[in-house]
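The values are calculated or read from the model by the stated rules, or taken from the named source; none is laboratory data. Note that the structure is a prediction, hence the values are computed from the model and not measured. So basically every Cβ, Gly included, is an ideal-geometry build from the backbone, and we count neighbours across all protein chains shown. Remember, those area values only see protein heavy atoms, side chains included, never the ligands or the DNA or RNA. Shrake-Rupley method; radii C 1.70, N 1.55, O 1.52, S 1.80 Å.
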Amino acid sequence: DVKVTQSSRYLVKRTGEKVFLECVQDMDHENMFWYRQDPGLGLRLIYFSYDVKMKEKGDIPEGYSVSREKKERFSLILESASTNQTSMYLCASSLPGRYRAFFGQGTRLTVV
Amino acid sequence: DQQVKQNSPSLSVQEGRISILNCDYTNSMFDYFLWYKKYPAEGPTFLISISSIKDKNEDGRFTVFLNKSAKHLSLHIVPSQPGDSAVYFCAASASGSARQLTFGSGTQLTVLP
């Protein structure tokens with residue numbers, strides 16, 4: 001089975017801090033994604049990557065950046081955390097040309 | 001503007017009865033549709049999918065129906081079980097660089113024993 005692992009289940013950070021959310025997948029998937037889940041809004045795509053060092057903006061990239069230096073790892077960076085970035089963050093991966101994405105367990109981030 | 005809409009935030013059904021979850025989309029470029037199930041504090045897990053060239057796909061208790069002319073799909077669960085209680089997300093994708101998914105807002109299904 002594909003395993004997508006997010007480094008933290010729960011995080012509490014202060015406003016203005018730089019925050020790193022890490023995601024690792026073990027199935028050699030080219031595609032990786034970062035979503036956030038908010039009540040009533042579903043999952044919204046922040047950034048995705050279809051190859052090492054490649055990245056593309058999703059629907060809500062403002063306030064975020066990403067890094068993909070190795071195929072198995074995709075990091076989401078909050079340059080200066082704000083309270084409106086309090087959310088559940090979900091990482092996913094998939095094979096090229098395939099629609100089905102596999103998700104990690106999520107990171108519940110609270111910015112205070 | 002939401003391209004994938006799930007207009008029912010919640011649904012309650014009795015154990016053993018049918019659960020019907022609905023989803024509408026607006027983007028004609030979507031050619032593949034998926035349903036994911038999510039328990040609290042866990043990531044979504046894939047449930048079932050359907051290509052736009054089909055109008056029905058079945059897997060055990062789960063069936064997805066697609067009506068392309070109405071831009072509507074539905075997930076049927078028969079019979080419903082208490083363990084099916086979760087949030088169900090509809091997702092859609094168009095051919096693109098990474099087949100990224102566009103999700104609806106989710107429907108909380110509660111199956112009452």
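Assorted remarks:
- When residues of the range A:10-31 are limited to those that are at pLDDT below 95 and within 11 Å of another protein chain (Cβ to nearest Cβ), the one nearest to residue A:108 (Cα to Cα): A:31
- Residue count for the range A:69-90 under the criterion of being open to solvent by less than 40 Å² (accessible area, probe 1.4 Å) and within 11 Å of the chain's Cα centre (by Cα): the result is 8.
- Which numbered condition residue A:96 fails, given (1) assigned to a loop (DSSP other than H, G, I, E, B); (2) free of Cβ contacts under 8 Å to residues at least 40 places away in the same chain; (3) open to solvent by 70 Å² or more (accessible area, probe 1.4 Å): (2)
- Here residue B:48 passes the criteria (1) surrounded by fewer than 16 Cβ atoms within 10 Å (Cβ to Cβ); (2) modelled with pLDDT of 95 or more except the one numbered (1).
- Scanning the range B:1-20 for residues that are within 14 Å of chain A (Cβ to nearest Cβ) and among the hydroxyl-bearing types (Ser, Thr, Tyr) returns B:8, B:10.
- Cβ-Cβ under 6 Å pairs, at least 6 apart or on other chains, the range A:32-53 side of a type in the set (Lys, Arg), far side in a loop (DSSP other than H, G, I, E, B): A:44/A:59; A:44/A:60
- Of all residues in the range A:49-76 being among the basic types (Lys, Arg), at negative phi and part of a loop (DSSP other than H, G, I, E, B), the one that is farthest from the other protein chains (Cβ to nearest Cβ): A:71
- Residue list for the range A:1-35, restricted to those being open to solvent by 20 Å² or more (accessible area, probe 1.4 Å) and closer than 10 Å to residue A:91 by Cα: A:5, A:22, A:24
- Taking the range B:10-104 and the strands (runs of 3 or more DSSP E) fully enclosed by it, the elements with 3 or more residues that are under 12 Å from the mean Cα position of the chain (by Cα) and closer than 27 Å to residue A:38 by Cβ are at B:19-25, B:32-38, B:45-51, B:72-77, B:86-93.
- Filter result for residue B:37 (within 14 Å of another protein chain (Cβ to nearest Cβ), open to solvent by 60 Å² or more (accessible area, probe 1.4 Å) and either more than 15 Å from residue B:111 (Cβ to Cβ) or touching a residue at least 40 places away in the same chain (Cβ under 8 Å) (or both)): no
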